[in-house]
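Step one of this worksheet: look at the structure below.
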Amino acid sequence: MQKLLDEIRGNAMTVYGKARKSKEKENTSYEVEVFTFKSITAATNNFSAANKLGEGGFGPVYKGILSDRQEVAIKRLSKSSGQGLIEFKNEAKLMAKLQHTNLVKLLGFCIQNDERILVYEYMPNKSLDFYLFDSTRKNLLDWKKRLNIIGGIAQGLLYLHKYSRLRVIHRDLKASNILLDEEMNPKISDFGIARIFGKSVSEENTNRVVGTYGYMAPEYAIYGVVSIKTDVFSFGVLLLEILSGKKNRCHYHSDCQLNFIGYAWQLWNEGRALELVDPALNELSTHNEVLRCIHIGLLCVQVQATDRPTMSDIVSFLSNDTIQLPQPKQSAFFINVVVEESELPYSKQEHHSLNDVTNTSIYGR
């Protein structure tokens, strides 16, 4: 247990209170608290069902109130989670070292007996999918809020890919892993399957393909190739979801059956891209901005990873509308392919996904 605790603690320092920067190592070290299991049970009212926020592949997540009245989100490793310990260590070690306004902040952890628990800052407005895919709540996301969410996610990914102490590939970027604070600012969460790269490494191969169908880049889903462009693809899908208010698992019928990306690509080529946009966004003055965002989304989901922009490019595209965008090439969409819900073991578990790639034949248009 001590070895595990030391691994997670890394450069973080044990304190009793809120997570804060170390004065000695202002730019590189952050303090996190080591909680006792007793304090966790008190904070969650003994993990009461009333405090449960949700559940994913990792295990349940509870709202807690610490002794100083601070609200927190408490992520408890499920004892039945076969791969949870590896993911727990991965997330805890990463989050103790990563600090950015668009990443959920790790406040501390608990390792006691067979308990493995992470304690995060509490996000009062839940996750993006709670609003985006609900016919009533999506109306709370006007264009200004959606654009702010898109920009915040892009800034968080840029930090992970370029400016953090470690180069991190998230590998499971999706609407349910974007949490919203009290002002609806986005924070990227769930780093259980994130991949750490050396600064000089551009891509790697993996035999263990994990993530969520619909958000996975083709070179990763089929060949296990992981790079920063893996996250760029996921960002593109998420961007198009934010604009449309539709889940990427939706299928569309025309001459043939198209998935979400295929439908977006077809509308773009036919000059009907605005038909993709959520009817809740009826502000006529935003059409040029919306079209530019659709354009950026399609650049992110191109078949060839080398054609996709970097997150540096994307942040520039979003912040400077005088930059001319290249024309998108073929999008990575499939026709005549239907992935059933039953094939996705965690499709209804919104905090974390682990999906094996099926042997379905894939045909590009």
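The values are calculated or read from the model by the stated rules, or taken from the named source; none is laboratory data. A quick note: this is a predicted structure, and the numbers were derived from the prediction, not measured. For neighbour counting, all protein chains shown are included, and Cβ atoms are generated from backbone atoms with ideal geometry for every residue, glycine included. Accessible surface is based on the protein model in full, side chains and every heavy atom, while ligands, DNA and RNA are left aside. Shrake-Rupley method; radii C 1.70, N 1.55, O 1.52, S 1.80 Å.
Some observations on this one:
- Positions within segment 135-157 being in a loop (DSSP other than H, G, I, E, B) and small (Gly, Ala, Ser), in sequence order: Ser135
- The condition (being within 27 Å of Thr44 (Cα to Cα) and open to solvent by 10 Å² or more (accessible area, probe 1.4 Å)) is satisfied by just one residue among Asp134, Asp142, Asp114: Asp114.
- Members of segment 279-314 found to be among the hydroxyl-bearing types (Ser, Thr, Tyr) and open to solvent by 60 Å² or more (accessible area, probe 1.4 Å), listed by number: Ser285, Thr306
- Pairs where the first residue, in segment 268-292, is closer than 22 Å to Val315 by Cα and the second is part of a loop (DSSP other than H, G, I, E, B), C-beta under 7 Å, 6+ apart: Val290/Val277; Val290/Leu281; Arg292/Asp321
- Scanning segment 170-192 for residues that are closer than 23 Å to Arg249 by Cβ, among the hydrophobic types (A, V, I, L, M, F, W, C) and in contact with a His (Cβ under 8 Å, 6 or more places away or on another chain) yields a single hit, Ile188.
- Exactly one residue out of Ala73, Ala49, Ala96, Ala92 is of a type in the set (A, V, I, L, M, F, W, C) and open to solvent by 60 Å² or more (accessible area, probe 1.4 Å): that is Ala49.
- Segment 145-178, residues that are within 18 Å of Ala92 (Cα to Cα), within 13 Å of the chain's Cα centre (by Cα) and open to solvent by 10 Å² or more (accessible area, probe 1.4 Å): Arg171
- Contact map, segment 122-143: residues that are charged (D, E, K, R) paired with residues that are at pLDDT 95 or above and part of a helix (DSSP H, G or I), Cβ distance under 6 Å, separation 6+ or inter-chain. Pairs shown: Asp129/Ala175; Arg137/Tyr131; Lys138/Tyr131; Lys138/Leu132.
- Restricted to helices (runs of 4 or more DSSP H) entirely inside segment 32-134, those with at least 2 residues that are over 16 Å from the mean Cα position of the chain (by Cα) and over 23 Å from Ile153 (Cβ atoms) are 37-43, 84-95.
- Segment 324-338 - residue that is part of a loop (DSSP other than H, G, I, E, B), farther than 16 Å from Ile150 by Cβ and open to solvent by less than 50 Å² (accessible area, probe 1.4 Å) and, of those, modelled with the highest pLDDT: Pro328
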